[in-house]
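The values are calculated or read from the model by the stated rules, or taken from the named source; none is laboratory data. Values in this document were obtained by computation on a predicted structure and should not be read as measured data. When we count neighbours, we look across all protein chains shown, and the Cβ atoms used for this are built from the backbone with ideal geometry, even at glycine. For the accessible areas, the whole protein counts, side chains as well, though only heavy atoms, and no ligand, DNA or RNA atoms are used. Shrake-Rupley method; radii C 1.70, N 1.55, O 1.52, S 1.80 Å.
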Amino acid sequence: MLDFSSLSDPTARVYTIDLNQTDPVRLASRLYQANPRQRPQLLIDCQHLECLRTRGVSHLASQLLLTRQAGADILLYNVDTVLCRALHLLQLHLLFRVIPTPIA
């Protein structure tokens, strides 16, 4: 079970999305335009991302940066050690929030 206690802001707009099925840039743009006073937060499960296997980390990073530019904050969970290291090397951990995987 994920601990989202730090996201307990009752006014936060958090949306869980599947990057395999959703265009995050378009979604972020629509959500932001609907309420520009509050940035939506997109919660992305990184455990089964097809784009990582087919297009690589650079494609994922590009999509996440474009999504952020479109008006959404990015929350990543189920980030494996390789992706986490890549985000740190690219210094993207400063722009995207990585939610630690709970220890079983």
Enumeration of residues in region 28-40 that are within 14 Å of the chain's Cα centre (by Cα) and either of a type in the set (A, V, I, L, M) or under 11 Å from LEU76 (Cβ atoms) (or both): ALA28
Any hit, region 35-56, residues being surrounded by fewer than 14 Cβ atoms within 10 Å (Cβ to Cβ), among the small types (Gly, Ala, Ser) and without any contact (Cβ under 8 Å) to a residue 40 or more places away in the chain: yes
Of all residues making up region 12-56, the number that are assigned to a loop (DSSP other than H, G, I, E, B), of a type outside the set (Ser, Thr, Tyr) and modelled with pLDDT of 90 or more: 17
Count of region 66-86 residues which are part of a helix (DSSP H, G or I) and open to solvent by less than 70 Å² (accessible area, probe 1.4 Å): 4
